[in-house]
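What follows is a single structure, written as structure tokens, with notes after it.
None of the figures in this text is laboratory data; all of them are computed from the coordinates on show. Keep in mind the model is a prediction, meaning the values are calculated, not measured. Quick reminder, even Gly has a Cβ in these numbers, built from the backbone with ideal geometry, and neighbours come from all protein chains shown.
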Amino acid sequence: MAKKILIVDDEPGILMSLDFLFRKKGYEVFIARDGKEAIELLDKHQPDLTILDIMMPEVDGYEVCNYIRQTSSIAHSGIIFLSAKSKKSDMEKGLELGADAYMTKPFSNRELLESVGDIIEKKSL
Amino acid sequence: MESSIIIVSILYLGLIFGLAYAVEKGWGKKFLTKQSGWVYALSLGVYCTAWTFYGSIGRAQMSGIDFLAIYLGPTVIAPLWWIIIRKLVRISKKHGISSLADFIGARYGKRQSISALVATVLLLGVIPYLSLQIKAISESLQIATKIDVASKWYLDPAVFITIIMTCFVVLFGTRYLETNKPKTGIVTVVAFESVFKLVAFLLGGGFIVYGYFQGPSDIFAQASEALPNFYENVQLSDSGDWFWLILISGLSVFLLPRQFQVAIAENLQEQDLKKAMWVFPLYLLLINLFVLPIAFAGILTNHTGDYTLLSFAKENGAFWVILIYLGGLSAATAMLIVSSLALGQMLSNNLILPTYIKKIPSKPINVIRLRQISIAVVLFLAYLYYQGLGKNESLISIGIVSFIAVSQLAPAIIIGTYWKKASSTGVWTGITAGMLVWFVTVILPSINHNYDLNIGNLIHLENPLQIAGLSPTSNAIMLSLFCNLVCFIGFSVHSKPGIEESNQAELFVDVFKFTREYESNLYSASTSFPNIQSLLFKFLGEKRTEEVLNRYARINNLDWKSNPQADSRMISYAERLLTEAIGPASARIMIASVVQEEDISINEVVNILKESQEVISLNRQLKQQSEQLQALTKDLQSANDRLKKLSEIKDDFLYTVTHELRTPLTSIRSQAELLLDMGSEMEPEEEKNFLQTMVRDCERLTRLISDVLDLEKFESGNQKLNIRKHHIQDIIHEVIGSMRQTIEAKNIQLEVNISDAIPTTFFDYDRMVQVFTNLLSNAMKFCDQNNGRIRISSYQVDKMIKVNVIDNGDGIDAEKAVRIFDKFYQAHNQMRKKPSGTGLGLAICKNIVQLHGGKIYMLPEAPKGTRFSFEIPIYKTNFSQHG
């Protein structure tokens, strides 16, 4: 059964390319344009991994991350922050909140793909 | 009536005794210290004697407003007090001086002869003036009570008043050996009497002016009808007396012994002068307010002469008689108290003591007792003068005789404190010449003939020095001061003063430059300690000598027994103590007699003084430099803080910019990689879609970069505006035109309302297009998505052109409205990511509008929506060319 990935970002261009990338690599992809939508999809589909932007209107990436770690059905799913916030303190904060990886924008498709693969493999062990 | 007046007199005198006693005992100390400025200013009111209280009206009846001259003099000179009197105060405090004779004596080399001369001039000039006050008290009492005093001298109240005043001054004026100790009791009484006489005069005057008549204008109207020579009376006399009287009264205000006493010797702090400078002239104005109306009221109702006020009062019962009589009594007693104190001190210190102590006295001298006797002698002399010569003179005439005499001291004191060359020879000859002229033009005529009481011009008899064409008063003042000045300056220029005198000249003229420590270095002298001790003992008494020497030893950590040598500082200290008791001239002689002085050459003295000046100016420079350094440090600190803040802002800005750049860049990179790696797996449609997005993101990047550069130019001030004359409506129409398609596509309702009356003005056309485009596209973004409505209006407000863009969107909170013009405000406000745009648009708009001298702001619009407005000034010329 294909692994489920939720991509949360408010930038249409990025959503477009990630959607294409992961679909082609055989994942089942869900897309959310903001935190609220992300939480709805999380409840509905319980994805194996979530790629999270941080800066989003109303509910931001940190809150979504918290939500995932506190919801028992998805508490152990993977989380990757994918953000333009590149300060060291931003990255530390993201990892403290329980994310499995923190990648800064602009990112390389290949690295992201590898990282996603690694995390999903680790989680399913 | 008689008995009640006498009882009231005794009660009043009891009151001032009580007040002086209470104050000396410390009563009201807090209040008096706090209000020392008022007490000081009011005590100067001792200037207004019975001459003012009774005499002004009599004089006004005879010669109109001439009486005012002697009040205008002090008023005219009041603004200069801060310069002249403050210097006299500073010198006096520094040198322990408390009388005019000591002051002038000390200035010209601490000479006994000069002090004695000054004391003589003052005694001659002022004792008649004292007798005038006694006369005023006596006469007013006679008028009030009808006691006939001619028959028996012991019935004359003058006797009693002389005795009572003597007691008062002896009791409260000689409590301390040191003449420069503040006499708070006396000063407070004098200030109180100033208030009392003013209140009495104003009440009495008001009663006459508004009781007998309907106010001053009524009096003058009636007088101008009734009196044929009314207008002559209220005009200035053409004798030229005015000028001269103003001059000598301006000088007298600190040269009369009583004035020097209250203004300089009893000054507690220099700051009090500032209050006195306006209070005292005001006091003079108030006390003269009713003089002219009362004078004419008197003429109209047949009350004339010096006691016009009293004769009015007598028609209106005991209350008014007592009030006026007490007012006159307070004016006279205040003058008697202060003058006899000052004169008594000069008589003892400058005339009697010097004849005693040519050498060190063998027995201790009771200086205080001598002073008390002198005070009694002064008052007794005044009484004798009253019994003899003075009875027949009008109140005002002796006053001016006194003024002319004391004004002879003016060159010595005023010029002497500003001109170092002024010498004792100049003083001697100047004062002698002036007094001789005074004697010939003022005194001689009055000995030969009695004054005519009915004529206001006091000096009207021929004398050998009368210059044709001048009034006798002008002649006397001018000639005496002229001879005085010529001799003073002439002999000063041609004399060669000794070392002591040159020293004193330096110390007096440059009083603000020297510190006291250096002055003691002026004498290179030594003596043994027992010599000093026994000298002090002669004048200060055993107890006091012990006390002061022990204090000196304690402060300076000295032991007399092991080291009996007295150094020059010790000698200076002893001289200062003696100065306070017996005056500087006598003190100098006494010290010189026990001290082996080494001759110091004038060069050495000058060097010491120079050194002192240099040290002081060096100190001042150092202080200035350290202050400058402190200020500089502070400036640096704040500049540093500012830079830090700026750098923080810059960091923040850079971070935000890079962040904003990353977003489109991310999208572009990701898609480019996809196209490169997986292009073969894409449908042609997908491929095109990716390429389109990449192009759009590239455009976005370009826009962002050019906005950042724009903003940077504006903020660094490098952006130049291309200013030309334009119509604002052209801008609005052009922008709307270019955006019409989008507006219609979004189905937005557009309402445009531009006033026809807007004039052209100067602005940068393209930049204004940028501003308006920004506002309009914002409005399009934020207006209601379904029923969008945008209203645009423009009109003139005062000298500004105003443009409004109003949308009907959700609106923005007031708290955010303030920050919406900040760079990347939307980006910082993470909860609310903008739909599109760079986040710099409004910041750029703000910069553009501000460069035009205008303002831009945002207000919520009721019921729903936001109003953005900007205003630019209407310029008549191209402002950019004026910088």
(request) Neighbouring Cβ atoms within 10 Å as the yardstick, rank B:Y552, B:Y386 fewest first. (result) B:Y552, B:Y386
(message) Inside 10 Å of the C-beta atoms of A:102-109, what's the mean count of C-beta atoms belonging to other chains?
(response) 5
(message) Averaged across B:660-668, how many Cβ atoms of other chains sit within 10 Å of each residue's Cβ atom?
(response) 6
(message) Sorting check: for B:499-512, B:783-796, which peptide has the highest mean count of neighbouring beta carbons within 10 Å, and how do the rest follow?
(response) B:499-512, B:783-796
(request) List the extent of the Cα atoms of region B:234-381 along each of their three principal axes, largest first, rounded to whole Å. (result) 68, 36, 34
(message) Which order do the peptides B:486-492, B:691-697 come out in when sorted by mean C-beta neighbours inside 10 angstrom, highest first?
(response) B:486-492, B:691-697
(request) Run the quick spin-label model on B:R740 and B:S224: label points 7 Å from Cα toward the beta carbon, then report their separation in nm to one decimal. (result) 8.3
(message) If you take every residue apart from B:V805 with its C-beta less than 14 Å away from the C-beta of B:V805, what net charge results, scoring Lys and Arg +1 and Asp and Glu -1?
(response) +1
(message) Over 22 Å apart: what share of the alpha carbon pairs of region B:605-716 falls there, rounded to a whole percent?
(response) 65
(request) Using the Karplus curve 6.51 cos²θ - 1.76 cosθ + 1.60 with θ = phi - 60°, work out ³J(HN,Hα) for each residue of region B:577-594 in order, rounded to whole Hz, and write x for Gly and Pro. (result) 4, 5, 4, 5, 8, 10, x, x, 5, 5, 4, 4, 4, 4, 5, 4, 6, 9
(request) Would you compute, from DSSP H runs of 4+ residues alone, the mean residue ellipticity of chain A at 222 nm, taking -39500 (n - 2.57) per run and dividing by the full residue count, rounded to the nearest 500? (result) -14500 deg cm²/dmol
(message) Report the Rg/Rh value for region B:667-805, based on alpha-carbon coordinates and the Kirkwood definition of Rh.
(response) 1.12
(message) Only sites in a loop by DSSP and with at most 12 other Cβ atoms within 10 Å count here; which trypsin sites (Lys or Arg not before Pro) in region A:39-125 make the cut?
(response) A:K87
(message) Tell me the net charge near B:V23. Cut-off is 15 Å between Cβ atoms, B:V23 excluded, with +1 for each Lys or Arg and -1 for each Asp or Glu.
(response) +4
(request) Which order do the peptides B:24-32, B:851-859 take when ranked by the mean count of other beta-carbon atoms within 10 Å per residue, highest first? (result) B:851-859, B:24-32
(request) Treating the angle as unsigned and between 0 and 90°, give the value, to the nearest 10°, between the Cα long axis of helix B:765-782 and the longest Cα principal axis of chain B. (result) 70
(request) Please identify every one of the chymotrypsin sites (Phe, Trp or Tyr not before Pro) in region B:259-294 that sits in a loop by DSSP and has no more than 12 other beta carbons within 10 Å of its own beta carbon. (result) none
(request) Select from B:G173, A:H45, B:G298 the residue farthest towards the positive end of the dipole of the protein assembly as shown; place +1 on Cβ of Lys and Arg, -1 on Cβ of Asp and Glu, and compute about the Cα centre. (result) B:G173
(message) Once you keep just the Cα pairs under 8 angstrom separated by 6 or more residues, what percentage relative contact order results for chain B?
(response) 14
(message) For region B:92-191, which chymotrypsin sites (Phe, Trp or Tyr not before Pro) pass both filters: DSSP loop (anything but H, G, I, E, B) and at most 14 other C-beta atoms within 10 Å?
(response) B:Y176
(request) Alpha carbons only, please: Rg and Dmax for chain B, in angstrom. (result) 44.0, 149
(request) Would you mind calculating the gained length between B:K496 and B:S593 on full extension (0.36 nm times residue separation, minus the Cα-Cα distance), in nm to one decimal? (result) 32.5 nm
(request) Would you mind working out the magnitude of the charge dipole of region B:650-723 relative to its Cα centre, with +1 at each Lys and Arg C-beta and -1 at each Asp and Glu C-beta, to the nearest 20 Debye? (result) 460
(message) With only alpha-carbon atoms in the gyration tensor, what are the semi-axes of the equivalent ellipsoid for region B:723-882, in Å, largest first?
(response) 26, 19, 14
(request) Pull out the extension gain between B:N556 and B:D756, defined as 0.36 nm times the separation in residues minus the alpha carbon to alpha carbon distance; nm, one decimal. (result) 62.9 nm
(message) As I understand it, the dipole of the protein assembly as shown uses +1 on the Cβ of Lys and Arg and -1 on the Cβ of Asp and Glu, about the Cα centre. Which of B:P530, B:P445, B:F821 lies farthest toward its positive end?
(response) B:P530
(request) May I ask you to derive the FRET efficiency for B:Y356 and B:L618 from their Cβ-Cβ distance with R0 = 41 Å, giving the value to the nearest 0.05? (result) 0.35
(request) Determine the sum of side-chain charges near B:N847: Lys and Arg each +1, Asp and Glu each -1, restricted to other residues whose C-beta is under 11 angstrom from that of B:N847. (result) +1
(request) Compute the length gained on full extension between B:Q692 and B:H733: take 0.36 nm times their separation in residues and subtract their Cα-Cα distance, giving the result in nm to one decimal. (result) 11.5 nm
(request) Using every pair of alpha-carbon atoms in region B:2-410, split the distances into 10 Å bins beginning at 0 and state the percent of pairs per bin, rounded to integers. (result) 5, 23, 33, 25, 11, 3, 0, 0
(request) For every helix of n ≥ 4 consecutive DSSP H residues, a contribution of -39,500 (n - 2.57) applies; sum these over chain B, divide by its total residues, and give [θ] at 222 nm rounded to the nearest 500 deg cm²/dmol. (result) -21000 deg cm²/dmol
(message) Using 30 Å as the Cα-Cα cut-off, could you pick out the over-long pairs in B:K110/B:K623; A:K88/B:K634; A:K25/A:K105; B:K359/B:K561; A:K87/B:K634; B:K645/B:K864?
(response) B:K110/B:K623; A:K88/B:K634; A:K87/B:K634; B:K645/B:K864
(message) Let me spell out the model: positive unit charges on the Cβ of Lys and Arg, negative unit charges on the Cβ of Asp and Glu, origin at the Cα centre of chain B. What dipole size does that give, in debye rounded to 20?
(response) 2100
(request) Let me see the pair-distance distribution of the protein assembly as shown: every alpha carbon pair, 20 Å bin width, integer percents in order. (result) 11, 27, 15, 13, 19, 13, 3, 0
(request) List every residue whose amide H lies under 5 Å from the amide H of B:S528, counting only residues 5 or more places away in sequence or on a different chain, with H placed 1.01 Å from N in the peptide plane. (result) B:A566
(request) For B:K30, go through the lysines and keep the ones whose alpha-carbon is under 27 Å away, minus same-chain ones fewer than eight residues off. (result) B:K93, B:K94, B:K181, B:K183, B:K197, B:K274, B:K275
(message) Can you tell me how region A:4-124 classifies by the Cα gyration tensor, rounded, prolate or oblate, using a/c under 1.5 as the rounded cut?
(response) rounded
(message) Inside 10 Å of the C-beta atoms of B:688-694, what's the mean count of C-beta atoms belonging to other chains?
(response) 2
